[in-house]
Amino acid sequence: MDGSASVSPTQPAAERLSEPATDQELLAAHVAGDPLAFEQLVNRHRDRLWAVALRTTGDPEEAADGLQEALLSVFRSAGTFRGDAAVTTWLHRVVVNACLDRLRRRAARPTVPLPDEEDAGRSALADTHDPLSAMELRSEIYKALRELPPEQRAAIVLIDIEGYSVDEAAQILDCPGGTVKSRCARGRAKLAARLDPLRNPQPEEPVSSPTAEGGDKTR
Amino acid sequence: MSDEHASAQPQEPDSSLLRAPEQLDPADDARIRELLGALPPVVMPAAVADRIGAAIRTESLARVERTAAAHSAGAGDEVGAARSRRNPGARRYVAIASAAAAIAVAGVVGLTVAGQSGGAGTSPPVTAAAVSSGTHYESASLADQVTIQLSSAPASPVASIPATSQSPSPAATAPARSRMPISGTFAATREGIADCLRGLARSQNPILVDVATYADVPAAVLALPDEADRSMVDVFVVRVSCSSADPHMLSHVRIPSP
């Protein structure tokens, strides 16, 4: 994913306009003192990092705080990066950990959500141009995601929503791939239990269809 | 395998979750995955991007200043200058960081000085936006620092300050760098800048007027297009007391137009 080319400390990555620097080159340039390289690296991945933070916390304020805390932590500790994983994986790992830590701290200090918290989350997460039913469904999905245990939610966000492989998610979450799969499976089961009644409400009485394709299939 | 943090969930679980099976059959599992995968991508809001960018630039500036302080504490000026000559890259980093971080942190004074209308015909046409970038200009890095300033557009639209106002207050110009004597007495008005340009015997419209410091002295940096060679820019550093009577010039360099 990342290149492994070395970086000359006398040549800021931002100046090498002919070819875009790899993530690893930007990180090395930052460590070497280039003041623009880290921001360039963050800008390159900011939307995905934001998506993971927002969907892991379910709260735009928590997401922004967690993301900023994580990125400043990476800024300061960049010299310790050993390169045994992709730079983006490391970035995501620190961001997810920061968000999960915030959720745990929040759980230890329960607060009453503000009345407009739901609306704020919805406006940040939903596309307001979609039909109402789709918006409502998404809102229910986000609500159901927020009700999952944080670790299951993080696994589902990474794999099912953001499209990371099990191996990548396992590196980000720093746990075995089997654990990631298990968290996803149980999280999906809970989501299904929460969402299916909304999507497919059960009729009061069984109704046999008098029309179409052979009609009643009773045996 | 268990989820050791399951009890850390922030809210009471919905009762339906408590009844949820541990696993779905493959078809239902795929259906939920499809539902989740269809969620639209989200984009970082501009306000969050601005906030995080500012935090990173502040951190970057702090790092540059820590490095510079460590160097100056460890060696005299001559040694430091020699080091800087040996390592132009490091010098450039400092220049870029000072300029880029200061633009974001200190902001723009926002002194838009409209050209004189109906005034004396000999006054230079001043339309530049005077800024107070917070940059510590230095002789060795002046060219780089001005190049970065000219290449960097203000992050936000400049706020208008009445053209007759005097020097901006330090609090309004550099809230995050209050130790810097940034205001001086430079009359960053259209009249003040025009008067200074007359002292420099220049009539071009400046493309940069930065009220900052030069070698730790309050100064103004003015960049003017070179009339003879449009690919070059004339950079004048003057004391804040610059006037038509005496520009109090501190430095003059020509740099390629960015």
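For the reader, a short list of remarks on this structure follows.
- ³J(HN,Hα) computed for each position of the stretch A:31-42 - Karplus, 6.51 cos²θ - 1.76 cosθ + 1.60, integer Hz, glycine/proline x: 4, 6, x, 5, x, 9, 5, 5, 5, 5, 4, 5
- Environment charge of B:Val146, counting only residues whose C-beta is closer than 12 Å and scoring Lys/Arg +1, Asp/Glu -1: -3
- Backbone N atoms of the stretch A:66-90 closer than 12 Å to the 7 Å Cα→Cβ label point of A:Val31 belong to residues A:77-85, A:87.
- Counting Lys and Arg as +1 and Asp and Glu as -1 over every other residue whose Cβ lies under 12 Å from the Cβ of B:Asp234, the net charge comes to 0.
- Surface accessible to a 1.4 Å probe, A:Glu62 within the full protein complex, Å²: 30 Å²
- Per residue of peptide A:144-155, the mean number of Cβ atoms on other chains within 10 Å of the residue Cβ is 4.
- Under 11 Å, Cβ to Cβ, from B:His252 - net charge with Lys/Arg +1 and Asp/Glu -1: +1
The values are calculated or read from the model by the stated rules, or taken from the named source; none is laboratory data. Please read these numbers as outputs of a predicted model, since none were measured by experiment. Because the Cβ atoms are built from the backbone with ideal geometry, glycine has one as well, and the counts that use them run over all protein chains shown. Only protein heavy atoms, including side chains, enter the accessible area calculation; ligands, DNA and RNA are left aside. Shrake-Rupley method; radii C 1.70, N 1.55, O 1.52, S 1.80 Å.
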